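K.L.:
The structure under discussion is supplied below as structure tokens; questions concerning it will follow.
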Amino acid sequence: MKVAILSYEGVIKSSVEGPAEIFGNIGRLYEMMKGEPLKIIFDVDIIHAEHNILSKQRYNQKELKPLAEKDNYDLVIITAMQPQHLETVLTRETAVQNWIIKQYTSGATMASICVGSFLFAATGILNHKHATTHWFFQELFRSKFPLVHLQDGKIITSQGKIYTCGGAFSFTTFIMYLIEKYCGHEVAVLASKMYMINIHQQGQDSFTVFQYQHQHNDDIIAEAQSYIEKNFSKNISIESLASKSNMSVRQFIRRFETATSNRPLEYLQRVRVDAAKKMFESKNKTVNEVAYECAYEDASFFRKIFKRHTGLSPTEYKEKFGQNFLSVAVK
């Protein structure tokens, strides 16, 4: 099976080297563990554009190959770029985009990693299809590619021969997913154990940091946001917020949603959940104590809201990100 992994100036090297390492060595690992050859052999090429300054370098002692129209691949990995190079890559790498289109129309399966989804989307292939990207860049992606059905919080999306992966080092789970697709569950589990990579991970929600949505020009709504952020520990009603803004409730909700993309109640919940996350990360407080400090008298309701926004229960989140997680890891 022929696999192409894209490289270009500004690429995040780990998104090239990681997949190349796993796909390139899974056959040897399987034979070492099982005493028989893997039925599918991954023949990996790392592809670069002609002008790429990395073209004289090697990845895992493997020569990089230039883009070539004659080469057809079964699987193409569209790697991630460093965020500061995102705009430059989208503008400069037209040859790479055309090559991606050619591979897709020739029948290749396409798989993007993290913000590699931007390069993928620039080809137009993702229009009217599901995709995901790193949680931090979701709004930027949505503004650039409104025709793509972005799936917030997803680690992996799958639609036909198109796959996208959410973010950062979750590409390791993504490669396990692709190995399971091509080689079966047994091989994926073996690879997971050998590389110590989790398979079937949860979504990105537990990793997100709430981006307080102040990138708008509505001063009245900005004041309401500021009030929520400073007073989240108090009982706040939408009626009182609307009154402070000299609007009807209906008008206030509509205007708040236009400015922030969230309804006021959802924004309040997200601010409180963000505060709760920080308490779990930095303070040794019980779930009930945190719920109370975030103005939730009903701890069970707090648990429900918290899990809705993070994908984890408060206890699970505390165990995952609390101050004791390092001591637990080294026991």
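K.L.:
Set the Förster distance to 30 Å, then compute FRET efficiency between M194 and L90 from the Cβ-Cβ distance, nearest 0.05. Don't skip to the answer; put the middle values down first.
P.N.:
Values: r = 36 Å, r/R0 = 1.21.
Working from the Cβ atoms, E equals 0.25.
K.L.:
The range 240-295 to the range 133-159: how many Å between their Cα centroids?
P.N.:
24
K.L.:
So for the pair Y227, E297, with labels modelled 7 Å out along Cα→Cβ, what separation do we get in nm?
P.N.:
Modelled inter-label distance: 2.2 nm.
K.L.:
Per-residue HN-Hα couplings for the range 184-195, Karplus 6.51 cos²θ - 1.76 cosθ + 1.60 at θ = phi - 60°, whole Hz, x for Gly and Pro?
P.N.:
In residue order, the calculated couplings are x, 5, 4, 5, 5, 5, 4, 4, 4, 5, 5, 8 Hz.
K.L.:
Taking amide H atoms as placed 1.01 Å from N in the peptide plane, list the residues 5 or more away in sequence, or in a different chain, whose amide H sits under 5 Å from that of I46.
P.N.:
I5, K65
K.L.:
Taking the Cα centre of the chain as the origin, how large is its charge dipole in debye, to the nearest 20, when only Lys and Arg (+1) and Asp and Glu (-1) carry charge on their Cβ atoms? Write down the numbers at each step before the final one.
P.N.:
On the way: 39 positive and 34 negative charges, 85 e Å.
Around 400 debye, computed over the chain.
K.L.:
Percent relative contact order of the chain, based on C-alpha pairs within less than 8 angstrom and at least six residues apart?
P.N.:
It comes to 11 percent, rounded to a whole number.
K.L.:
For S112, enumerate residues with amide H under 5 Å from its amide H, sequence gap 5+ or separate chain, H modeled in the peptide plane.
P.N.:
Here the answer is I78, Y163, T164, C165, since their amide H atoms fall under 5 Å of that of S112.
K.L.:
Give me a comma-separated list of calculated 3J(HN,Hα) values for the range 248-259, in order, Karplus coefficients 6.51, -1.76, 1.60 applied at θ = phi - 60°, integers in Hz, x for any Gly or Pro.
P.N.:
6, 4, 4, 5, 5, 4, 4, 5, 5, 5, 4, 6
K.L.:
Contour minus end-to-end for R28 and Q82, with contour as 0.36 nm per residue of separation and end-to-end as the Cα-Cα distance?
P.N.:
Numbers: separation 54, 0.36 × 54 = 19.44 nm, distance 3.14 nm.
Here the segment from R28 to Q82 would lengthen by 16.3 nm.
K.L.:
Can you find, among Y212, S14, V76, the residue farthest towards the positive end of the dipole of the chain? Put +1 on the C-beta of Lys and Arg, -1 on that of Asp and Glu.
P.N.:
Positive-end residue among those listed: Y212.
K.L.:
Sticking with this one: Taking Cα atoms, how many degrees apart are the long axis of helix 219-230 and the longest axis of the chain, rounded to 10 and kept between 0 and 90?
P.N.:
Once rounded, one gets 90 degrees.
K.L.:
Placing +1 on the Cβ of each Lys and Arg and -1 on the Cβ of each Asp and Glu in the chain, which of I5, F137, N262 has its Cα farthest towards the positive end of the resulting dipole?
P.N.:
N262
K.L.:
Using label points projected 7 Å from each Cα along Cα→Cβ, tell me how many nm separate N72 and E316, to one decimal.
P.N.:
Going by the 7 Å Cα→Cβ label model, 4.4 nm.
K.L.:
How much length would be gained if the chain were fully extended between I238 and H130, taking 0.36 nm per residue of separation minus their Cα-Cα distance, in nm to one decimal?
P.N.:
So the chain would gain 35.5 nm between I238 and H130.
K.L.:
Among bridges DSSP assigns within the chain, what percent are antiparallel (round to 5)?
P.N.:
Taking every DSSP beta bridge within the chain, about 25 percent pair in antiparallel fashion.
K.L.:
Assign unit charges at the C-beta atoms only (+1 for Lys and Arg, -1 for Asp and Glu), then state the dipole size of the range 219-326 relative to its Cα centre in Debye, rounded to the nearest 20. List each step's numbers first, then the result.
P.N.:
Details: 19 positive and 14 negative charges, 36 e Å.
Charge dipole, the range 219-326, about its Cα centre: 180 debye, nearest 20.
Where a number appears in this text, it was derived from the coordinates with a stated rule and is not lab data. Just so you know, these numbers come straight off a predicted model, no measurement behind them. Glycine also receives a Cβ, built like all others from the backbone with ideal geometry; neighbour counts cover every protein chain displayed.
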